[in-house]
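Bear in mind these aren't lab numbers, they're just calculated from the coordinates by the rules spelled out. Everything numeric in this text was worked out from a predicted model, so none of it was measured. Don't worry about glycine lacking a Cβ; one is built from the backbone with ideal geometry, like all the others, and counts go over all protein chains shown.
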Amino acid sequence: MDQLLRLGLQASWFNDDALGRHLDRLYAADIHQVYSAFQLHVYQHERIPMRVFHGDTTSMSVYGAYTKPSKALQIVEGYSRDRRGAKQIQFGLIGNADGIPLYGDVHDGNTSDKTWNPDVLEKLHAQCATVKLDDFVYVADSAAMSKSTLDAAKSANAYLLTRAPNQLKIVKAALASADAPDAAWSEKVSFVSSKAGAAYRWLAAEAEHEGHALRLIVVDSSALDKKKENTLTRERETECDRLKQVVKEAAQTPFHCQADAEQAAEAFRAEQLPRFHQVDVTVRPQE
């Protein structure tokens, strides 16, 4: 950096070749490590809080064939956030609760967050160890709910805060306990002064997943209750209109005998399976 930022430099020296050589030197020195070390000094100098960190990735799609493999970076197809079916690279970033970066990287286009999270947790732990930070909180999305990330969090002495996917058995069990009549919900709390603001309550449950003891928090929002109520009302009205139409069409269909009509009625009951309404079918002879 002293070669790039010092007195006496001339603009003509900053040509493509010179900048290219410096970029090569930065890559050889591990640019991700250089950047994170620089940011760590910024954190210390400005006394920026280093207790809670948020990690996430995003992708950038590119145009072109990119058929020649590269050892530095694989530009390939992967899970895309902007343009599916295109080759891409990915960016990862870790920052504190105020969004100030501490670590950033560029990685292969097909790297999964389930691979990236445990890898950066190890690097984050090494950074924190240099400033004698024994533990920290790592916040990430549901991709962090994996054995490798849980193992990495334990090794880093970090507290992992993430969203557990609904398909997990422990989540289904926690949601079922929250629906119980005697569920131990907290008192409702609002974080805004407005009366129209949402109120929240939560329920804690203990569980074990992939060999790790976890604490699950089920959160209920009054705003979501109202939204869900409106959604259910629309779905109920839509179902009612659909049933009226199919019932009208079925009632106008003649049958040659009662046996055929009974068979059609049974098939009608099996096909409809309404969520909000009950369907009764009666077969009557025409006069």
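The 3J(HN,Hα) values that the Karplus relation (6.51, -1.76, 1.60; θ = phi - 60°) gives for region 250-258 are, in residue order, 5, 5, 8, 8, x, 10, 6, 8, 5 Hz. Gly and Pro appear as x.
If both residues of a DSSP beta bridge must be in region 15-163, then about 70% of such bridges are antiparallel. Which FRET efficiency, nearest 0.05, do Val137 and Asn166 yield, Cβ-Cβ r, R0 25 Å? Step by step, r from the Cβ atoms, then E = 0.60. Between Thr130 and Ala198, the distance separating the two model label sites (each 7 Å from Cα on the Cα→Cβ line) works out to 3.9 nm. The length gained by stretching the chain between Glu271 and Ala97 to full extension, at 0.36 nm per residue less their Cα-Cα distance, is 57.5 nm. The modelled label-to-label distance for the pair Ala264/Gln252, using points 7 Å beyond Cα in the direction of Cβ, is 1.3 nm. For Asp56, the amide hydrogen comes within under 5 Å of the amide hydrogens of Leu93, counting only partners 5 or more places away or on other chains and with H modelled in the peptide plane. When you filter the trypsin sites (Lys or Arg not before Pro) in region 8-96 for DSSP loop state and at most 16 other Cβ atoms inside 10 Å of their Cβ, you are left with Arg47, Arg51, Lys71, Arg81, Arg83, Arg84.
Note on Val219 and Val52: with the Förster distance fixed at 22 Å, the Cβ-Cβ geometry gives a FRET efficiency of about 0.75. Only one of (1) 29.3, 107; (2) 23.9, 104; (3) 17.8, 54 was calculated from the structure for Rg and Dmax of the Cα atoms in Å, and its label is (1). For Tyr159, the residues whose amide H sits under 5 Å from its own are Phe136, Val137, Tyr138, ignoring neighbours fewer than 5 places away on the same chain, with H placed 1.01 Å from N.
Our estimate of slack between Lys227 and Val279, defined as 0.36 nm per intervening residue step minus the Cα-Cα distance, is 16.0 nm.
Here Thr67 and Asp151 are evaluated by their C-beta separation; at R0 = 45 Å the FRET efficiency comes out at 0.80.
Averaging the Cα positions of each part gives two centres, and for region 263-287 and region 47-126 these lie 55 Å apart.
Model label points for Tyr79 and Met60, set 7 angstrom from Cα along the Cα-to-Cβ axis, are 2.1 nm apart.
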